[in-house]
1. With +1 on each Lys and Arg Cβ and -1 on each Asp and Glu Cβ, and nothing else charged, work out how big the dipole of the protein assembly as shown is about its Cα centre, in Debye to the nearest 20.
2. Which whole number gives the average, over all residues in B:104-116, of C-beta atoms from other chains lying within 10 Å of the residue C-beta?
3. Counting only residues 5 or more places away or on other chains, whose amide H sits under 5 Å from the amide H of residue A:4 once H atoms are built in the peptide plane?
4. Give me A:341, A:315, A:42 ranked fewest to most by other Cβ atoms within 10 Å of their Cβ, as a rough exposure proxy.
5. What is the Cα centroid distance between the range A:1-76 and the range A:178-202, reported in whole angstrom?
6. To the nearest whole number, what is the average tally of beta carbon atoms from other chains within 10 Å of the beta carbons of peptide B:74-84?
7. Using the charge dipole of the protein assembly as shown (Lys, Arg: +1 at Cβ; Asp, Glu: -1 at Cβ; taken about the Cα centre), state which of B:112, A:265, A:312 has its Cα farthest towards the positive end.
8. If you line up the Cα atoms of the range B:56-162 on their principal axes, what length do they span on each, largest first, in Å?
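Bear in mind these aren't lab numbers, they're just calculated from the coordinates by the rules spelled out. Note that the structure is a prediction, hence the values are computed from the model and not measured. Note: ideal-geometry Cβ built from the backbone for every residue, glycine included; neighbour counts use all protein chains shown.
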Amino acid sequence: MDFKTTFLNNRHRELGAKMVPFVGWEMPLSYKTGTVAEHLACRRGAVVFDVSHLGTVRLAGKDSLEILQRSFTNDLAKINPGRAQYTHHLDVEGSVVDDIIVWWVSENRFDVMPNASNTSSVINSIGGQDVTADRSVLAVQGPKARIFLGRFFPEGARVPRFRVEELSYKGYDVLVAGTGYTGEDGIELAVPNEIALEIFDELLEVGVVPAGLGARDTLRLEAGLPLHGHELGRGITPFQANLGWAVSLTKGDFIGRDALVAESQRGIHRKLVGVKGKSRQPMRDGMDLIFKGEVVGKSTSGNYSPILEVGIAMCFAPVNQSLGDAVELHSGDRVIQGEICPLPFVAKVK
Amino acid sequence: MANLGTGVRLKHLCEGELLWLQELSIDSKMNCPIFRSVSAFLKAKLSHMINPNDRSYTKDHEWALVDGNRVKIGITDFAQDALGDVVFVKLPEVGVAVTKGDSFSEVESTKSVSDIYSPLSGNIVQVNESLVSSPELVNSSPYEDGWIAIIEFGDESDLETMSSTDYDELTAH
């Protein structure tokens with residue numbers, strides 16, 4: 001099978017990255033430094049991820065706002081052009097079929113960024129143009145992301161959190177947003193493919209560490225951020241995943257609203273919780289959550305937390321499951337002890 | 001085997017030539033297409049040349065270093081590289097009996113779990129306690145500080161392993 005490659009593919013290889021297939025793309029899993037070092041670099045300094053595999057669907061035209069308001073869960077009236085918003089795409093049953101960031105670039109232009117595997121289903125639903133192949137996306141993340149980026153692109157480094165700005169870099173139009181998926185402050189840059197390598201190299205030159213999908217996953221897990229196909233998917237509503245803040249039941253109709261209204265009236269039957277282990281043993285997804293000898297839920301994501309230095313997992317649990325409850329995760333003869341803890345596992349920037 | 005596009009085939013190069021090529025490829029920042037195309041291969045080839053010949057190897061990527069009636073077990077450089085960052089090692093208890101071919105330990109990385117199989121039957125007499133707090137030793141020092149356990153055996157002929165040369169060959173592709 002042939003995989004799609006980003007414009008940075010050769011550079012990733014030259015840097016010694018382990019390349020892996022990921023939703024039809026060949027992407028770096030980790031570089032020579034390894035996932036744990038990349039993770040810690042993001043928590044303490046700054047890293048850059050090549051996330052060009054994420055989809056971008058461009059919606060332009062006077063009816064764009066109305067289309068998005070009735071297609072997705074969040075209320076764009078809460079924000080303005082020049083801002084980014086996290087939202088959900090539901091089916092009629094209220095299941096989250098995708099979680100999406102909308103960059104409201106200017107009055108009648110929206111860049112809608114679904115998960116890589118869902119780009120075509122989003123286009124089926126809202127129309128628009130798939131511009132994924134026309135740009136590369138670099139996510140610069142970490143407490144020092146703005147300092148490093150500011151050394152060669154100060155205007156970009158000043159874009160505030162959840163703001164989106166159209167800027168110029170060396171004569172090229174670039175889109176810069178104060179967004180990310182690590183729990184840290186950071187900047188995402190959507191740039192023309194012809195300058196992607198140059199910007200990536202500039203970032204490494206000033207001291208930003210390249211990081212792969214491995215660190216991206218452990219970072220978002222520590223930050224309690226959902227991953228499509230794990231915490232979100234068929235049969236899972238935003239309310240069950242603690243993401244009711246991304247839903248507006250008052251803005252008017254949207255796909256899946258009736259199901260969410262019904263659920264909000266009868267109450268959710270399960271909720272997403274954190275489980276923190278007692279040892280370094282990584283937790284994994286798909287393990288049974290055991291409380292007082294009974295199977296009460298299942299883990300959706302798990303790994304080792306480089307910051308807490310113990311295994312952690314997100315799990316669906318009964319709504320009455322309390323913080324501090326002693327639980328176990330079981331899979332075959334594997335038993336990992338832990339306790340219910342709040343999400344996120346590690347404090348994230350607002 | 002990588003073809004350099006110049007009629008040169010890599011397997012005909014000696015270690016010194018490979019090192020020279022790698023130095024050149026670093027100096028030239030991989031600008032030459034030949035070096036670019038072989039750089040990944042060179043890295044793999046060079047990293048596989050460090051399997052020490054004082055011990056033997058299993059097809060499951062463990063190494064076994066025999067000393068009298070004891071054998072020290074660990075995982076190979078190839079195995080640790082494939083696993084990625086090791087964050088947890090489930091050590092066996094000292095005194096337990098192990099059976100040839102059975103798993104007696106697990107090495108877990110951020111991406112997967114790998115069973116460690118015993119290359120012969122015997123009893124666990126020592127485990128590497130430093131792996132409890134520093135499992136990353138398996139990555140940084142797979143053949144020395146990252147050893148996993150020592151097994152005392154009755155019959156060395158039970159040991160089913162291959163030479164370092166054969167293991168080099170097994171992992172070269």
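1. On the way: 51 positive and 70 negative charges, 377 e Å.
Using only the charged Cβ atoms, the result is roughly 1820 debye.
2. Numbers: counts 0, 0, 2, 0, 7, 7, 14, 11, 2, 5, 0, 0, 0.
The shielding value for this peptide is 4.
3. A:25, A:26
4. Values: A:341 17, A:315 28, A:42 33.
By the 10 Å Cβ count, ascending: A:341, A:315, A:42.
5. Taking the Cα centre of the range A:178-202 as reference, the centre of the range A:1-76 is 10 Å away.
6. On the way: counts 0, 0, 0, 0, 0, 0, 0, 1, 1, 0, 8.
That average works out to 1.
7. A:265
8. 36, 27, 21
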